[in-house]
Amino acid sequence: MYHTHLLGTSKRWPVGKIVCLGRNYSEHIKELGNAVPDKPVIFIKPSTSIIPDGGTVIIPDYSDDCHHEVELALLIGKSGKNISQATAMDHIAGYGVAIDLTLRDVQSAQKEKGLPWEIAKGFDTSCPLSDFVPADQVSDPHNLQLTLSVNEEIKQDGNSSLMMRSIPQIIEEMSAIFTLEEGDIILTGTPAGVSRVQSGDTMIAEIEQVGRIKVSVK
């Protein structure tokens, strides 16, 4: 079982589930030609999808179009169900940097058939993840610059202020469906600029005040 680390503390959490929000940045919605959702687009990655800083992404042989998506990750430090927006921030222990790797060709084929996305989103190594910084060390999680480079070329460069759903709203909506438990992780969506990665590439994802993660692709 994968354990997360909260920097500056001895606290480690076993990761339960990774609950992800899709289509939360309008420019990313446009670049994929998707409709703006009236309800949250939610999916789950298993904890076995996580790899740490310095890890290696292995693209499954059933895909030829793997895309990177840098995301602000939230670490749940206090369990809750039906959490209100007013108290939502109290449930966050820390913030981290994640890359939501997506097999775009597989996802598109699944969507066309009306089938679930998990084989495109939840494969082993599909969630590179940094350690977490304590929540009180991030001045405003709704105003953080997110960047991702592939082979030192910047591909994604956006700000969390562009999120369509705020963090309290995300937690409220997700906790109405799933009980959020200590050690669960929420991914909050990706800004525009996603592109294909392939064997031999190196990705660096960075979020100001939060951290940086570097992984290779095989």
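The values are calculated or read from the model by the stated rules, or taken from the named source; none is laboratory data. Not measured: the values here are computed from a predicted model. Cβ sites come from the backbone with ideal geometry, for glycine too, and all protein chains shown count toward neighbours. Keep in mind that these areas ignore ligands, DNA and RNA; they rest on the heavy atoms of the full protein, side chains included. Shrake-Rupley method; radii C 1.70, N 1.55, O 1.52, S 1.80 Å.
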Quiz item: Lys17: which lysines have alpha carbons under 20 Å from its alpha carbon, excluding same-chain residues fewer than 8 sequence positions away?
Solution: Lys45, Lys78, Lys81, Lys121
Self-check item: For Asn159, residues with placed amide H under 5 Å, excluding near neighbours
Solution: Leu146
Quiz item: Which parts of segment 161-184 would a label at Thr9 reach, counting a residue when its backbone N lies under 15 Å from a point 7 Å out along Cα-to-Cβ?
Solution: 181-184
Practice problem: Could you bin all the Cα-Cα distances of segment 50-94 into 10 Å bins starting at 0 and give me the percent of pairs in each, rounded to whole numbers? | Solution: 18, 34, 22, 24, 2
Quiz item: By how many nm would the segment from Gln198 to Asp90 grow when fully extended, if each residue of separation counts as 0.36 nm and the alpha-carbon distance is taken off?
Solution: 35.0 nm
Exercise. Order these peptides, 106-118, 186-198, by their mean beta-carbon neighbour count within 10 angstrom, highest first.
Key: 186-198, 106-118
Self-check item: Pairwise FRET efficiency - Ile42 versus Asn151, Cβ, R0 = 30 Å, nearest 0.05
Solution: 0.40
Quiz item: Under a 5 Å amide H to amide H cut-off, with H placed in plane at 1.01 Å, what residues pair with Ile92 once short-range neighbours are removed?
Solution: Gly77
Exercise. Scale the Cα Rg of segment 16-127 by the rule-of-thumb value 2.2 N^0.38 Å and send over the ratio, two decimals.
Key: 1.14
Quiz item: Mind checking the alpha-carbon convex hull of segment 114-214 and giving the volume per residue in Å³?
Solution: 146 Å³
Quiz prompt | segment 70-112 - Kirkwood radius from inverse mean 1/r over Cα pairs (Å) | solution = 12.9 Å
Quiz item: With every protein chain present, what is the per residue accessible area of the chain (1.4 Å probe, Å²)?
Solution: 43 Å²
Quiz item: Using modelled backbone amide H atoms (1.01 Å from N, in-plane), which distant-in-sequence or interchain residues come within less than 5 Å of Ala73's amide H?
Solution: Gly96, Val97, Ala98
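Work out, in µm²/s and without decimals, the Stokes-Einstein translational diffusion coefficient of segment 92-141 at 25 °C, 0.890 mPa s, Rh from Kirkwood over C-alpha pairs. Write down the numbers at each step before the final one.
On the way: Rh = 12.8 Å.
The diffusion coefficient I find is 191 µm²/s.
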Practice problem: Step through the residues of segment 137-148 one at a time and calculate ³J(HN,Hα) from phi using the Karplus curve (6.51 cos²θ - 1.76 cosθ + 1.60, θ = phi - 60°), rounding each to whole Hz and writing x for Gly and Pro. | Solution: 8, 10, 5, 8, x, 8, 8, 10, 7, 10, 9, 9
Quiz item: Going from most exposed to least, what order do Asp157, Asp38 have by accessible area with a 1.4 Å probe?
Solution: Asp38, Asp157
Practice problem: On the protein heavy atoms, probe 1.4 angstrom, tell me the percent of accessible surface of the chain carried by carbon and sulfur. | Solution: 49 percent
Quiz item: To one decimal place, what Kirkwood hydrodynamic radius in Å is obtained for the chain from all pairs of distinct Cα atoms?
Solution: 17.1 Å
Practice problem: Mind checking the full-extension length gain between Gln169 and Lys214? Use 0.36 nm per residue of separation minus the Cα-Cα distance, one decimal, nm. | Solution: 13.2 nm
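When only the heavy atoms of the protein chains count and the probe is 1.4 Å, how do Glu208, Glu173 rank by accessible area, highest first?
Solvent-accessible surface, decreasing: Glu208, Glu173.
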